[in-house]
Amino acid sequence: MSTTVYLPRDSAALAVGADLVARRLIDDAAARGLDITLVRNGSRGLFWLEPLLEVATPAGRVAYGPITVDDVPHLLDAGVLHGGEHPLRQGPTEQIPYLAKQERLTFARMGITDPLSIADYEAHDGHAGLRRALGIAGSAVVEEITQSGLRGRGGAAFPAGIKWKTVRDTPAAQKYVVCNADEGDSGTYSDRMVMEGDPFMLIEGMTIAALAVGATQGYIYIRCEYPHAVATMREAVRRAEAAGVLGADILGSGRAFHLHIRKAAGSYVCGEETAMLESLEGKRGIVRAKPPLPAVAGLFGCPTAINNVITLASVPIILARGAAFYRDHGVGRSRGTLPIQLAGNIRRGGLVEKAFGITLRELLMDFGGGTASGRPIKAVQVGGPLGAYVPESQWDIPLDYDAYAAVGAVVGHGGIVVHDDTADLARLARHAMEFCALESCGKCTPCRIGSTRGVEVIDRIIGNQSRTHQITLLRDLCNTMLHGSLCAMGGMTPYPVLSALDHYPEDFGLTAPDAGATTR
């Protein structure tokens, strides 16, 4: 009787040798006359254990990791195919504390199914939301999303239901649904994990969105540095069309939705929705002025619903289990769950899906286990390269859009990058300005020129050249960028700079009283 074993095909697992382990496992099992069925699943998101081998046993899956090529024969000697004891044995996968303490709604299938098997997807509640959406009016779908409290997971946190209603209520012969999968923030990978590990969930979410707003065409704009995600999504779309869950006649309903995959242009600013639209239209990725909003005049001038991967991937479970089920998770106006990504100098880096309201301290200590270096944590950047540095005094604030906004920080896409006490926050602030200067589309002066001047001013502060005057100048410059930039590229670059200055004045050669006003 064949034993089913699982080894991820996720990019993170591939980067540490998963393909080599898979080849050795197949070869050694064959040489020993052992019958195995190898499933290349998505990653569970426990990256410090990758490659993570799972073995199906009568009592459930048993995990072993991290596995190297040289470990394979020793694992087979130890009876790994029967869940045998070994130093790399992690026990039943679902009981690993890192995983057991999560609330996986969006990532419920991640690491469990074969990413490109529609049968496997449907065996784990796939397409339940789509079938319900096909049986109700589009307006009812929009209302369900509105009542769920789902907000955009790409960073702006705009209510998805309001956006969809605007697109639905705008008359047009053609409407579009566009998925922004240009995941460029440092320390983020949840979008990539969805596309590589559960692509049919994203397709289902986009199809439901199309039914809701009246769109018949959709695009997924995928970061060009994600070749495995691009390949997986293209194959998933092909299989979905062949199975009739996408295309001219969705599940025999007579409703149509055609989905296209596009590789992004390699520019960070193309993650901004209007620059992305320009790129999709074959133009240079430059930010558009608003109004008009993309929901009214977006792709090719037509009403367009734009959401990021995690937003759209959250839709199927909302339709399948109802708005109230999803809304019951979270706090305040931050409802549902957020896939949080732990990265940087962290002992146990990986994906943690939790309801809003968990604290940064819980994430860093209970899940992350502190720094990989063993040194104290000094600063934590939350929300990508344009997010604020959060000091320990704020680690007990609930992870919530509004609570973070109140202290001048952002939740963003849920990326968390950890720095230990050797980090120099003045140089990290300089990096933020330099990053903006390199990635700016150049359309507006505060972003284009302000970031360049920002690098120069911080260099003078570090060099102790008229330091007090330069601090005042830096704050004035940040104020101009905050309020004068056309988009979040320039408008958010001051967040890391001001938070570094406010909370770590000693790194700028200042004592706390000299640091000046706070960010708010």
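For ARG335, the residues 5 or more places off, or on other chains, whose built amide H falls under 5 Å of its own are ARG151. The lysine pair tally for the chain, using Cα distances under 29 Å and a gap of 8 or more places or different chains, is 23. A cut-off of 5 Å between modelled amide H atoms, ignoring neighbours fewer than 5 places along the same chain, links TYR389 with SER499, ALA500. Backbone geometry of the range 95-105 corresponds, through the Karplus equation with coefficients 6.51, -1.76 and 1.60 at θ = phi - 60°, to 3J(HN,Hα) couplings of 9, 4, x, 4, 8, 5, 8, 8, 10, 8, 9 Hz, x marking Gly and Pro.
Accessible area per residue was computed with a 1.4 Å probe on protein heavy atoms; TYR495 scores about 60 Å².
For the range 225-345, what does the alpha-carbon gyration tensor say about shape, rounded, prolate or oblate, given a ≥ b ≥ c as the root eigenvalues, a/c under 1.5 as rounded, and a/b over b/c as prolate? Since a/c stays below 1.5, the shape of the range 225-345 is classed as rounded.
Between HIS74 and ALA406, the distance separating the two model label sites (each 7 Å from Cα on the Cα→Cβ line) works out to 5.2 nm.
Share of pairwise Cα-Cα distances greater than 34 Å in the chain is 40 percent (whole percent). Extension gain for ASP424-ALA140 works out to 97.1 nm (0.36 nm per residue, less the C-alpha to C-alpha distance). The listed residues ASP169, ASP328, once ranked by accessible area (1.4 Å probe) with the largest placed first, stand as ASP328, ASP169. Of the listed residues VAL5, VAL39, the order by accessible area with a 1.4 Å probe, largest first, is VAL39, VAL5. Sparsely packed loop sites in the range 243-331 (the chymotrypsin sites (Phe, Trp or Tyr not before Pro) outside DSSP H, G, I, E and B with at most 10 other Cβ atoms within 10 Å) do not occur.
By its C-alpha gyration tensor, with a ≥ b ≥ c as the square roots of the eigenvalues, how is the range 122-177 shaped: rounded for a/c under 1.5, else prolate for a/b larger than b/c, else oblate? It is oblate, given that a/c is not under 1.5 and a/b is not larger than b/c. Multiplying each eigenvalue of the alpha-carbon gyration tensor of the range 151-217 by 5 and taking the square root yields semi-axes of 24, 15, 9 Å, largest first, rounded to whole angstroms. About its Cα centre, the dipole of the chain is roughly 1300 debye, where the only charges are +1 on Lys and Arg Cβ and -1 on Asp and Glu Cβ.
As an exercise, use a Förster radius of 30 Å and the Cβ-Cβ distance of ALA248 and LEU20 to find the FRET efficiency, rounded to the nearest 0.05. The formula returns an efficiency of 0.10 here.
The values are calculated or read from the model by the stated rules, or taken from the named source; none is laboratory data. Since the model is a prediction, treat every value here as computed from it, not as a measurement. Methodologically, a virtual Cβ is constructed for each residue, glycine included, from the backbone with ideal geometry; neighbour enumeration extends over all protein chains shown. SASA here: full protein model, heavy atoms, side chains in, ligands and nucleic acids out. Shrake-Rupley method; radii C 1.70, N 1.55, O 1.52, S 1.80 Å.
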